[in-house]
Amino acid sequence: MERITTTALAEQFIAEQIPALQQQIGSGKVLLALSGGVDSSVVAALLIRAVGKQLTCIHVNHGLMRKGESEQVIEVFEHQLGGNLIYVDATDRFLDKLAGVNDPEKKRKIIGGEFIEVFREEAAKLSGISFLGQGTIYPDILESDGIKAHHNVGGLPEDVHFELVEPLKFLFKDEVRMVGKALGLPDDMVYRQPFPGPGLGVRCVGAITRDRLAAVRESDAILREEFAKEGLDKKVWQYFTVVPDIKSTGIKDGKRSFEWPVVIRAINTKDAMQATIEEIDWPVLQRITNRIIHEVAGVNRVLYDLTPKPTGTIEWE
Ligand code: XMP
């Protein structure tokens, strides 16, 4: 198959996939877990084109999404594309289960397990579903021992017996992005950086609390905004903030403060197995620091993580 390197080839791929999907699905109903990540978003947009309301998307908000992410999923797939979308705000459920849990792998297991549970409950409310859409892409098949499999989260129940619909399974990420663009998805959805299944949960280090999670979310939003202004969003492979569960002494409004630090991480990599640190201009780092210490509640310091992988993993957990 020819690699999709141009808009015309992406359009050709779409034109071929639509009748193929219509033939596979017939008058059946399809279910799709829509996280808002590139792969599931492109599958959703493609399936809405092909079978419209025969597709039902379920978006589970685990409370660990980035700022504005769930809202964007609703805006794009329900309002703009007119798809069937079930939005489940499961924030309380996830955060209650995660309360007091320190161990990173336990946190991942709870998040992955609860996700499947919520999805299963929602799916059980629907009738007549015979297909399951999935955003499998070619590297997922090639590298079944790669990062996604290694972390082993975000998958769907293995005992759910639907016929799979996987229209992207022979595409590489850059091709998926071209198809997404040709389908009219917004740039910040199509070109977004990788985001782990457990979301901000692995960046709120240790036991998650709502206030510290809010500090992760707000500082991440500031970092993304400032990186976009500088064009760094197109240059840096992955960038985010981390809030460890420690407090240090500071001074705010003339008074002693005892608050969290925010750690900025900005890395470049080819395959996420090794990573180098992006050199950010000093004035940019200072501007981001200023915004974070003034705008994010509970934070009195900002640090820049200079650690390559190895020895540091990309995420802090
Ligand atoms: P690490 O921290 O292992 O991360 O250097 C490598 C890449 O994998 C992402 N990552 C995850 N992705 N579920 C995912 O879907 C996870 O549990 C998970 N943990 C890390 C990380 O964001 C980086 O891109």
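Within the chain, helices built from complete DSSP H runs that reach 18 Å or longer along their own axis (Cα positions) and carry a mean Kyte-Doolittle hydropathy of -0.5 or higher are 7-25, 38-51, 282-295.
Only beta bridges with both residues in the stretch 203-304 are counted; by DSSP, about 65 percent of them are antiparallel. Distances over 22 Å make up what percent of all Cα-Cα pairs in the stretch 1-149? Tail of the P(r) past 22 Å holds 48 percent of the pairs.
Each residue, GLU121 and HIS294, gets one label point 7 Å from its Cα in the Cβ direction; the gap between the two is 4.3 nm. In the chain, the DSSP-assigned H stretches of four residues or longer account for a calculated mean residue ellipticity at 222 nm of -12000 deg cm²/dmol, using -39500 (n - 2.57) per stretch and the full residue count as denominator.
Quote to one decimal, in nm, the extra length available between VAL101 and ILE86 on full extension: 0.36 nm per residue of separation minus the C-alpha distance between them. Length gained, VAL101 through ILE86: 2.5 nm. Each Lys and Arg Cβ is given +1 and each Asp and Glu Cβ -1; about its Cα centre, the chain then shows a dipole of about 620 debye. Accessible area per residue for the chain, computed on protein heavy atoms with a 1.4 Å probe, is 49 Å². The value of relative contact order for the chain, using C-alpha pairs under 8 Å at least six residues apart, is 17 percent. Only protein atoms count toward the accessible area here, which uses a 1.4 Å probe; on the chain, the carbon and sulfur part of that area reaches 53 percent. Computed with the Debye formula from one identical point scatterer per Cα of the stretch 185-227, without solvent, the log10 of I(q)/I(0) at q = 0.15, 0.28, 0.32 Å⁻¹ comes to -0.45, -1.05, -1.13. Divided by 2.2 N^0.38 Å, where N counts the residues, the Cα radius of gyration of the chain comes to 1.04. Note that the stretch 203-304 shows a convex hull volume over its alpha carbon atoms of 103 Å³ per residue. Pairs over the 28 Å Cα-Cα cut-off, from the set LYS181/LYS270; LYS67/LYS107; LYS255/LYS309; LYS106/LYS234: LYS255/LYS309; LYS106/LYS234.
If R0 is taken as 30 Å, the Cβ-Cβ distance between ASP305 and LEU9 corresponds to a FRET efficiency of 0.15.
The values are calculated or read from the model by the stated rules, or taken from the named source; none is laboratory data. Because the structure is a prediction, the values reported are computed rather than measured. Note that each Cβ is placed from the backbone with ideal geometry, even for glycine, and that neighbours are counted across all protein chains shown. Quick note on the areas: whole protein, heavy atoms, side chains included, nothing else; ligands and nucleic acids left out. Shrake-Rupley method; radii C 1.70, N 1.55, O 1.52, S 1.80 Å.
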